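A short worksheet on the structure shown next.
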């Protein structure tokens, strides 16, 4: 456990995170890890600076050091020590739980990329089946939070300094006595200050990246089109969530047209891909004058016709509503500039 802790702390220091504050209790100033029995299903706990003597960690004694196991020593220790790092920014411990747990899971996996913790993998798989839930969904023991390591790993690899900057902004809010709420405003600022884009844009790129990797992503609904234009009812999408929508066209279709009209308030980001995860991205166009975005293409191969997905994302705190118009292009048809649904 001490070896895993040294490895984790060195990784965090090298990646720009603030080191833990000196420990005021115990034999020396290094962070204390206590090994003691914990309730079933709990592998580790970290107590913030408000605890006597400073931050410390409790770890269960029945963890495993093998490379593939349920409850890994390496992953658990690295996870809990990233909480120690978080508390070096926000001493009060008042961190958004979804961000604290998701980022700690992600960073522990980056420290020990060859270790397969099957408990963590179960969280990751469950998250992929429900990408339409918001990142900040803290229900059911925050199970969705741990699986959101997909997002935090993406940010950690996107550009050095994004995550340290994010925790520094949470620290500033905490020191001023301001509630960070769920920490989404600070995340948007950290991304903008890192010059990688807005949270809305980065989250859309992340959602596309997941699909490009060929991961088993759950869907909420699908579209089955014909040459007669159709439209969905008004649908909602949670903030910081993604809907992967399969689009089916007739076997002899020459192309497809998707329209997402503008509505009052923020609109979702929409991306259309044909040909599966490694297929072609169709760039949407604003129609001027016109009420929204149109995504249309003629197929270049049979595979493009068979595997079509519309990716709808909201990179805002709050959810948005939207509607989709869609139609297939017949075997002799041409792409229209606009379709009224």
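The values are calculated or read from the model by the stated rules, or taken from the named source; none is laboratory data. What you see is a predicted model, and the numbers here were worked out from it, not measured in a lab. Here the Cβ is made from the backbone with ideal geometry for all residues, glycine too, and neighbour counts use every protein chain on show.
For the condition farther than 25 Å from residue 14 by Cα, in the same structural domain as residue 179 (by TED's automatic domain parsing) and assigned to a loop (DSSP other than H, G, I, E, B), what is the one hit in 113, 134? Steps first, please.
Details: 113 fails: farther than 25 Å from residue 14 by Cα.
The match here is 134.
Condition check ((1) in the same structural domain as residue 98 (by TED's automatic domain parsing); (2) free of Cβ contacts under 8 Å to residues at least 40 places away in the same chain; (3) out of contact with any strand residue (DSSP E or B) (no Cβ under 7 Å at 6 or more places or on another chain); (4) buried (at least 16 other Cβ atoms within 10 Å of the Cβ)) across all residues:
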| residue | (1), (2), (3), (4) |
| --- | --- |
| 245 | no, no, no, yes |
| 250 | no, no, no, no |
| 255 | no, no, no, yes |
| 260 | no, no, no, yes |
| 293 | no, yes, no, yes |
| 309 | no, no, no, yes |
| 314 | no, no, no, yes |
| 320 | no, no, no, yes |
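Among the residues of the stretch 140-154, at least one is surrounded by fewer than 21 Cβ atoms within 10 Å (Cβ to Cβ) and farther than 22 Å from residue 242 by Cβ. Please determine whether any residue of the stretch 11-22 is modelled with pLDDT under 90 and either more than 14 Å from residue 86 (Cβ to Cβ) or part of a helix (DSSP H, G or I) (or both). Yes: one or more hits.
Looking only at the stretch 331-341, decide whether some residue is part of a strand (DSSP E or B) and at pLDDT below 95. So that I can check it myself, show each step before the final result.
Keep residues of the stretch 331-341 that are part of a strand (DSSP E or B), which gives none.
No, every residue in the stretch 331-341 fails to be part of a strand (DSSP E or B) and at pLDDT below 95.
All of 303, 267 fail the test of being outside any loop (DSSP other than H, G, I, E, B) and over 20 Å from residue 336 (Cα atoms), apart from 303.
Counting just the residues of the stretch 271-288 that are in a strand (DSSP E or B) and in contact with a helix residue (DSSP H, G or I) (Cβ under 9 Å, 6 or more places away or on another chain), which one comes out farthest from residue 320 (Cα to Cα)? Break it down stepwise before answering.
Step one: of the stretch 271-288, the residues in a strand (DSSP E or B) are 271-274, 280-282, 285-286.
After this cut, where a residue has to be in contact with a helix residue (DSSP H, G or I) (Cβ under 9 Å, 6 or more places away or on another chain) as well, the list is 271, 273-274, 280-281.
Working: 271: 16, 273: 22, 274: 25, 280: 27, 281: 24 Å.
Filtering the stretch 271-288 for residues that are in a strand (DSSP E or B) and in contact with a helix residue (DSSP H, G or I) (Cβ under 9 Å, 6 or more places away or on another chain), the one farthest from residue 320 (Cα to Cα) comes out as 280.
In the stretch 19-44, how many are in contact with a helix residue (DSSP H, G or I) (Cβ under 7 Å, 6 or more places away or on another chain) and either closer than 20 Å to residue 76 by Cα or without any contact (Cβ under 8 Å) to a residue 24 or more places away in the chain (or both)?
Going through the stretch 19-44, the residues in contact with a helix residue (DSSP H, G or I) (Cβ under 7 Å, 6 or more places away or on another chain) turn out to be 19-21, 31, 33, 43-44.
Then drop every residue that is not either closer than 20 Å to residue 76 by Cα or without any contact (Cβ under 8 Å) to a residue 24 or more places away in the chain (or both), which leaves 19-20, 31, 33, 43-44.
Looking only at that region, the number is 6.
Within the stretch 84-103, the set of residues being touching a helix residue (DSSP H, G or I) at 6+ places or on another chain (Cβ under 7 Å), within 18 Å of residue 49 (Cβ to Cβ) and surrounded by fewer than 24 Cβ atoms within 10 Å (Cβ to Cβ) comprises 89, 90, 92, 93, 94, 95, 97, 100.
Among the residues of the stretch 141-151, is there at least one that is at positive phi and not in a helix (DSSP H, G or I)? Within the stretch 141-151, not a single residue is at positive phi and not in a helix (DSSP H, G or I).
Of all residues in the stretch 194-204, those that are part of a loop (DSSP other than H, G, I, E, B) and either under 18 Å from the mean Cα position of the chain (by Cα) or surrounded by 18 or more Cβ atoms within 10 Å (Cβ to Cβ) (or both) total 4.
One line per residue, one yes/no per condition, for (1) assigned to a helix (DSSP H, G or I); (2) within 16 Å of residue 271 (Cβ to Cβ); (3) outside the structural domain of residue 314 (by TED's automatic domain parsing):
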{"site": "166", "(1), (2), (3)": "yes, no, yes"}
{"site": "179", "(1), (2), (3)": "no, no, yes"}
{"site": "187", "(1), (2), (3)": "yes, no, yes"}
{"site": "192", "(1), (2), (3)": "yes, no, yes"}
{"site": "206", "(1), (2), (3)": "yes, yes, yes"}
{"site": "217", "(1), (2), (3)": "no, yes, yes"}
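Looking only at residues in the stretch 37-63 that are outside any loop (DSSP other than H, G, I, E, B) and at pLDDT below 90, the one that is farthest from residue 5 (Cα to Cα) is 47. Annotation note: of 121, 116, the sole residue that is more than 17 Å from residue 41 (Cα to Cα) and surrounded by fewer than 18 Cβ atoms within 10 Å (Cβ to Cβ) is 116.
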